Amino acid sequence: MDVGQLKERIAEIEAGIAANVCDIDTADALRGLETAVLGKQGTLGSLVKTIKDYPPDQRGHVGKVVNDAKGRVKAVIEQRHRELEAADASADAADAEAFDPTLPGIREPMGSVHPVTAVQWEIERIFERLGFTVEAGPEMETEYNNFEALNIPATHPARDMQDTFWLKSGMVLRTHTSPVQHRAMLKFGAPLRVIVPGRCFRYETIDASHDNTFHQVEGLMIDRGISIPNLIAMAKTLLYEVMQHEVEIRVRPGYFPFVEPGIEIDMNCQICGGAGCPTCKQSGWLEILPAGMVHPNVLEAGKIDTEEFTGFAFGLGLTRLAMMKYGIGDIRVLNSGDLRPIVSPDRLGGPVIAGQVGSGTKR
Amino acid sequence: MLVSLKWINDYVELPADLDPRAFGERFTLTTAEVEGVSQVSMGARGLIVARIESVVALPDAPHLRHVVLNLGNGKTVGTVTAAPALHVGSNVVYAPEGASVAAFGKITTAKVAGKTSAGMILPGDALGAAMAAQEAIFPPGVAEPGEELPPELFDDWLVEVDNKSLTHRPDLWGHYGIAREIAAIYGLALKPYPVVALEELSDEVLPEVPISIADPDACPRYCGIVLEGVPAECAPLWMQLRLGRVGMRPISALVDLTNYIMADLGQPMHAFDAAKVDRIEVDWAKKGERFKTLDGVERQLSPTTLMILRGGDSIALAGVMGGLDTEVADSTTTLLLESANFDPAAIRRTASCLNLRTDASARFEKSLDPAHARLAIQRFVYLGRDIYPSLSNRTRLSDCFPKPLEEITVAVNPHHVARTIGREVSLEEASQRLSPLGLELSEANAHWHVRVPSFRATGDVSIEADVIEEIARCVGYDNIEPEMPRVSMRRFELNAPRELERHALEYFTTAHRYNEIQNYLWYDSTWLSQLGIDPGSCVELKNPAAEGLHRLRRSLMPEMLAAVARNRFYFPAFALVELGSVFEPHEPDDLEYRRIGLISARRGKRAEDDLYKRLKGAIEGWVFKRFGRGVDFVRAGADAARPWEHSSRTAQLLVEDTPVGRVSAINRTLRRAMDEHLAAWSVVWAELELDKCGSISARTEGLGIIPAYPLVEMDFSFVVPASTRYADVVQELGSFNNSLLKEVRYVGSYEGESVGTGRRSLTVRTILGDDTRTLVEEDGLGFRGEFEGYLTKCGYELRK
């Protein structure tokens, strides 16, 4: 083809591009066009290798014509490229308006454990970190394990302190988790570090702050040289872990037949800070941890050598702790089977977005 | 117990600047919990004694009386009062015009019921005594009309000590014992207890009271004396006020005196009319015997009731209450005074069997010091002489003491003291701390020997640990520096059942939407009968919390159904899980099992299949996660012992052929019985027997592998009669063999018009591969033909 034909051909190609480039609306298609036109096999690009076929005196001119054309086409494509980028940007901008990251997520269904269980597991984790094992025992106990093995003989006035549910068989519903002290001693021997969370039963009248069915956690530690200073240190540690801050305590004598000496560990009232309020009966202190050094009779019943070993034991009211933590004002809801007061509304009916949140906050 | 600080001051001179509230705290930290400290301040100014000259009822005001009072020096006034039981000649506490008390302010003269009422006869409660409203308090006859009553007579501080924290301290059930404790705490001197000397009551010329004790274990000591010259009289005003403040209503000098000694020394006493009782026997009640106590109630006795008798006739419930027939009357001037020591268990048994708890029984139950039995009589005479000018003893103080208290000496290893308290305690320090409490120390053979006084020796201090406690509390627990324990490392066998429980609860509440609830341990008979359920034989409570709550649950289900009925008001769909014990009657010992109950409920009658599949999926998921095993759900007939099981929709759960539970639905009749609205609900449940799950051996889950050559998936759908169980299909497919077949998986099932009624379409996915090469098209076609042929041979109809 002569130079004239070449120019016509180039003009045709350019016109074709000019006509189509606006319809191309993706960067990929544009790159395809660029290759189809400017690539080595492309409509314009392939013309480059024909330059050498022209007479030497025309080659310079032809080369310029072809390269100029390539330059123009490149500019057109780039122009379109910029247009596409601008379009993408504005599409993103429009999308940004539509994108609402604050819309609720889709949650997998989730159940819940009972508030007492939640607190129980928390306590278990605390003690597991301290090297305690976690034991359990039956709720139907022998009179011996519930009383005699714990230094509470039949005639002991302390039996009145724990009014008992008796079974017709002569067994009892355990009045405390302490029988497991005896069981654990027989099972493991000394040294021993164990906690026993569990359900207990006492024959008493139910009201907003008393139920005949409640949870305790028993703690028992037996080793060589276990002392009252050890007991107090462990009590402080426990309360620190539960409250997540230092808690002021006071230690005073207490009486429980299965410990000697027996002590009561009171915690600075967390409601009033010690100034006195109805919760602490104006005393500024909350009875939280009855405890003591394990009575030698109890150690002996558990076949522990009292010359070599001493130990301490304590009891913690799990139910009361759960009520404090979750702000439950009426103990009766815990055994009512009614989900409303024992499950966060967030879990039961999906996230609560407005209004007064009931469960899960202090009431 | 209420403690009067004024009373305490008789025995220990309290520092003038003692802050009673700070004292309360100190006592709490050292001895026993103080529940409250309160000031008694009656603001009584200008009160005097007045004597009643006449009492006239007012016809227009039946509850009022006009009383003329002698105010001394020939002065009389008329006043109108609502006070009951006024008698001519009695003394009253009178507030003349211008006097004042906090309860009424300034006393004036006013017109009441048409009469001039000058001043006021003061009721006991306005003076700080626990008495009925309006009831007047009567000073004794020796008080002269016009005698001024100083304001401080009515003022005091009261300290309330928690009774429960005194359970083990019989010595603290009286003011003298509390005073001893206070003396030790503050390092003050304890004054001797004021009594008449024993010699004064031991005149050999006088006869003895014949006393015989049948069972010395039940009554280790009985002291008696006959006193004459004790006419009806009122106790001194100070004594009445003290008693009234600590919660005992003043009655008469005799009753007040015995009550006073009970609150003073802790020793209960009883007075018999000496005209009717001249000798004493202590013995067990006769079988079937009935006895009328002084409160007028006739009581059924048993041979374990300890009695006081005279000539074989019962005259008192020992240590609990006297009898009506021998009670001291107003006309009595001679009495037989009892002061005894009884076995705490016997008294406790009597009091609880007869449901008769008295101040006396509460003290005897604590195990009193037998020494106090005799001391109380010496004290009675000491105080009585001030009340009864002609008091004398007609008999000697008779002391029947067949079972003396053994003297206790406790050996204490000082090393054990240091080991428990965390620091060395020297003999000097221990001695200094313990001797004010009456515990005397000496040292021999590297041990301390602690002599325990009788008032601490009745069960309170008997072993080394008891002495260590005394030292520790005197050192002060707050003075003990906390120190973390040093421990010996050891291994504890895992408590697998407990671990399993926790795992199950965690799984169902987090991987699924079950909400944990906790129910009581017993069935509610009212609920069971509403459901028309007969629970069968159950382990039963002797003393249920209420009628109808006597059966311990054999299954978690009935009470979980109650929770369904409760929650259906608030939630259109919910799932409950409970973990707990159930009980089964068994010989010789009843059995306790641990169970997990699961219930899923949704509004709508047609949700049952969906709920069942989800429940099954949850159980399968848990068993797989925990044990790495599958669960077989085998159709079962309803068990008659579980009347809540659906007659046709019940399955037994098997893991490795071990039955581990049941799954079922609640039928419409039962749902309707639960609650009319639940008729239109779907409710499915499962109950897992954790004890049986515990015997399943866990298997580690196998993991997948990356195949060397690509796998090919091919789905097949086919139709089977609805009566053909999926499990049967699975079994058939299990017998198909092809070297390329790696796995067959369940994709879905479908019932509907397009497959025709009574038929079910199943879709399974086959996964093919070869470990040595990539499959080619012919492999697939070949397999398809073979597998379809097998399905057809099984009688399944292929779907296109």
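Can you confirm whether B:A472 is modelled with pLDDT of 95 or more, more than 27 Å from the chain's Cα centre (by Cα) and under 28 Å from A:M234 (Cα atoms)? Answer is yes for this residue. For region B:7-45, a tally of residues being part of a loop (DSSP other than H, G, I, E, B) and among the hydroxyl-bearing types (S, T, Y) returns 3. Listed by first and then second residue, the pairs with beta-carbon distance under 8 Å, at least 6 apart or on different chains, first residue in region B:100-127 and more than 17 Å from B:L153 (Cα to Cα), second open to solvent by less than 10 Å² (accessible area, probe 1.4 Å) and in a helix (DSSP H, G or I), are B:F104/B:A126.
Are any residues in region B:746-786 of a type in the set (K, R), exposed (fewer than 15 other Cβ atoms within 10 Å of the Cβ) and either without any contact (Cβ under 8 Å) to a residue 60 or more places away in the chain or assigned to a strand (DSSP E or B) (or both), and if so, which ones? Before the answer, list the steps.
So the first thing to find is which residues in region B:746-786 are of a type in the set (K, R), and the list is B:759-760, B:765, B:773, B:784.
Among the residues that remain, those that are also exposed (fewer than 15 other Cβ atoms within 10 Å of the Cβ) are: B:765, B:773, B:784.
The one that is of a type in the set (K, R), exposed (fewer than 15 other Cβ atoms within 10 Å of the Cβ) and either without any contact (Cβ under 8 Å) to a residue 60 or more places away in the chain or assigned to a strand (DSSP E or B) (or both): B:R765.
B:E584 meets all of the listed conditions (1) open to solvent by 10 Å² or more (accessible area, probe 1.4 Å); (2) within 9 Å of chain A (Cβ to nearest Cβ); (3) within 35 Å of the chain's Cα centre (by Cα) but one, namely (2). May I ask you to verify whether A:E85 is at the interface with another protein chain (Cβ under 9 Å from one of its Cβ atoms) and among the acidic types (D, E)? Taking the combined requirement at face value, the residue does not satisfy it. Beta carbons closer than 9 Å, at least 6 apart along the sequence or on distinct chains, pair a first residue in region A:325-340 that is within 15 Å of A:S112 (Cβ to Cβ) and of a type in the set (V, I, T) with a second that is open to solvent by 20 Å² or more (accessible area, probe 1.4 Å) and modelled with pLDDT under 90 for A:I328/A:R363. Suppose the filter is open to solvent by 20 Å² or more (accessible area, probe 1.4 Å) and either touching a strand residue (DSSP E or B) at 6+ places or on another chain (Cβ under 7 Å) or β-branched (V, I, T) (or both); does B:T81 pass it? Spelling it out, it is not the case that B:T81 is open to solvent by 20 Å² or more (accessible area, probe 1.4 Å) and either touching a strand residue (DSSP E or B) at 6+ places or on another chain (Cβ under 7 Å) or β-branched (V, I, T) (or both).
Taken over region B:710-743, the criterion of being open to solvent by 80 Å² or more (accessible area, probe 1.4 Å) and of a type in the set (F, W, Y) is satisfied by B:Y726 alone.
Scanning region B:561-573 for residues that are farther than 23 Å from B:L521 by Cβ and either at the interface with chain A (Cβ under 7 Å from one of its Cβ atoms) or of a type in the set (F, W, Y) (or both) yields a count of 3. Within 32 Å of the chain's Cα centre (by Cα), at pLDDT 95 or above and away from chain A (no Cβ under 14 Å), is that true of B:D359? No.
How about region B:607-673: which strands (runs of 3 or more DSSP E) wholly inside it have at least 3 residues that are open to solvent by 20 Å² or more (accessible area, probe 1.4 Å) and more than 21 Å from B:L576 (Cβ to Cβ)?
Working: elements: B:632-636, B:650-655, B:658-665.
The strands (runs of 3 or more DSSP E) meeting that bar are B:632-636.
Checked against the criteria, B:G789 does not count as part of a helix (DSSP H, G or I), over 60 Å from the mean Cα position of the chain (by Cα) and over 18 Å from B:F718 (Cα atoms).
Kindly check whether there is at least one residue in region A:304-327 that is β-branched (V, I, T) and at pLDDT below 90. No, region A:304-327 contains no residue that is β-branched (V, I, T) and at pLDDT below 90.
Of the listed requirements (1) part of a loop (DSSP other than H, G, I, E, B); (2) touching a strand residue (DSSP E or B) at 6+ places or on another chain (Cβ under 9 Å), A:T205 misses just one: (2). Among the residues making up region B:31-64, those that are out of contact with any Gly (no Cβ under 7 Å at 6 or more places or on another chain) and within 14 Å of another protein chain (Cβ to nearest Cβ) are B:T31, B:A32, B:E33, B:E35, B:G36, B:S38. For region A:136-148, indicate whether the set of residues that are in contact with a Phe, Trp or Tyr (Cβ under 7 Å, 6 or more places away or on another chain), under 25 Å from A:F309 (Cβ atoms) and assigned by TED's automatic domain parsing to the domain that holds A:L220 is non-empty. No. Taking the criterion of being closer than 25 Å to B:S352 by Cβ, open to solvent by 10 Å² or more (accessible area, probe 1.4 Å), within 13 Å of chain B (Cβ to nearest Cβ) and part of a helix (DSSP H, G or I), would at least one residue in region A:123-133 satisfy it? Within region A:123-133 (the criterion being closer than 25 Å to B:S352 by Cβ, open to solvent by 10 Å² or more (accessible area, probe 1.4 Å), within 13 Å of chain B (Cβ to nearest Cβ) and part of a helix (DSSP H, G or I)), the answer is no, since none of the residues qualifies. The one condition from (1) touching a residue at least 12 places away in the same chain (Cβ under 8 Å); (2) among the small types (G, A, S); (3) open to solvent by 10 Å² or more (accessible area, probe 1.4 Å); (4) more than 30 Å from A:W166 (Cα to Cα) that B:A496 does not meet is (4). Taking each residue of region B:148-166 that is more than 26 Å from B:N70 (Cα to Cα) and looking for partners that are part of a loop (DSSP other than H, G, I, E, B) and among the basic types (K, R) with beta-carbon atoms closer than 9 Å, six or more apart or interchain, yields B:L166/B:K366. Of the numbered criteria (1) open to solvent by 30 Å² or more (accessible area, probe 1.4 Å); (2) closer than 30 Å to B:L237 by Cβ; (3) among the hydroxyl-bearing types (S, T, Y), the one B:Y388 fails is (1). Within region A:256-269, the set of residues being without any contact (Cβ under 8 Å) to a residue 40 or more places away in the chain and either on the phi > 0 side of the Ramachandran plot or open to solvent by 10 Å² or more (accessible area, probe 1.4 Å) (or both) comprises A:E260, A:E264, A:N268. If the condition is being open to solvent by 10 Å² or more (accessible area, probe 1.4 Å), within 14 Å of chain A (Cβ to nearest Cβ) and not hydroxyl-bearing (S, T, Y), then region B:524-541 contributes B:D524, B:W527, B:C538, B:E540.
Selection of region B:452-481 for residues being open to solvent by 50 Å² or more (accessible area, probe 1.4 Å), at the interface with another protein chain (Cβ under 7 Å from one of its Cβ atoms) and not in a helix (DSSP H, G or I) yields B:I463, B:E481. Within region A:208-232, the set of residues being of a type in the set (S, T, Y) and more than 7 Å from every other protein chain (Cβ to nearest Cβ) comprises just one member, A:S209.
Residue count for region B:220-271, restricted to those that are in a strand (DSSP E or B) and open to solvent by 20 Å² or more (accessible area, probe 1.4 Å): 2.
Considering every residue within region A:96-103, establish whether at least one is within 13 Å of chain B (Cβ to nearest Cβ) and either open to solvent by 30 Å² or more (accessible area, probe 1.4 Å) or of a type in the set (A, V, I, L, M, F, W, C) (or both).
Scanning region A:96-103 turns up no residue that is within 13 Å of chain B (Cβ to nearest Cβ) and either open to solvent by 30 Å² or more (accessible area, probe 1.4 Å) or of a type in the set (A, V, I, L, M, F, W, C) (or both).
The values are calculated or read from the model by the stated rules, or taken from the named source; none is laboratory data. Note that this is a predicted model, so its numbers are computed, not measured. Neighbour counts run over all protein chains shown; Cβ positions are idealised from the backbone, glycine included. Remember, those area values only see protein heavy atoms, side chains included, never the ligands or the DNA or RNA. Shrake-Rupley method; radii C 1.70, N 1.55, O 1.52, S 1.80 Å.
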